[in-house]
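The values are calculated or read from the model by the stated rules, or taken from the named source; none is laboratory data. Everything quoted here is computed from the prediction, not taken from an experiment. Every residue, glycine among them, receives a Cβ derived from its backbone with ideal geometry; neighbour counts consider all protein chains shown.
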Amino acid sequence: MSDQNADTDSITAPAMPINILAQYVRDVSFENPMAPDSLRAGLANPEMDINIGMDARKIPDEEIENLYEVVVNLRAAATRGDEPVFILELQYGLTVVLNEIPEDNHHPVLLIEIPRLAFPFMRQIVSDLTSQGGYPPLILNPVDFQALYMERFKDEIAQAQTELKKDAPKATNKTDKKPAKTKKK
């Protein structure tokens, strides 16, 4: 066999609409203020309060167009009564490039799809941290990032929909055409 056509036979992969350039822990904190007392056997299960937020910013770059950083913020606080059991805070970042995605769609892609892609990695970090803190692993349930987005930006979405309705041509029920006549044979 000859390798003389190796360069001409190679296939170039098409550009993907989303390229993830980097994923990283931007900041992490695990506080275990009542240890070792909070780790004793036979204690009631703690109450969990979990909050998730998303932020995105454009990164100026002369060579890469549509370069963004997306950061997903997670806070999990476990309490028994008024006493904290543990507090976990995680900022998970991704650097992404959006290719061939219309500018109007960047915002929802960055705050819905990118966090959705990051979530399994965050879930593993949270599980590992709680386990290393001496507790059973905290396995996060799947998150509906679209619902979080819709709730966070509901006022802006409603305003945009109102403006679209104002700009749309008004439909009328009145027709100016008469029914077509057919010839009988």
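Going through (1) loosely packed, with under 13 Cβ neighbours inside 10 Å; (2) of a type in the set (Gly, Ala, Ser); (3) touching a Pro at 6+ places or on another chain (Cβ under 6 Å) one by one, residue 41 falls short only on (3). Applying a threshold of 7 Å to beta carbon distances and a minimum spacing of six or more residues, or different chains, the list of pairs starting in the stretch 151-166 at a residue that is closer than 15 Å to residue 104 by Cβ and ending at one that is of a type outside the set (Lys, Arg) and assigned to a helix (DSSP H, G or I) reads 157/150. So which residues in the stretch 18-69 are among the aromatic types (Phe, Trp, Tyr) and over 27 Å from residue 150 (Cα atoms)? Passing the criteria: only 30. Whenever a residue of the stretch 76-87 is within 9 Å of residue 46 (Cα to Cα), its partners that are modelled with pLDDT of 95 or more and among the aromatic types (Phe, Trp, Tyr), lying with C-beta atoms within less than 6 angstrom and at least six residues away or across chains, give the pairs 78/86.
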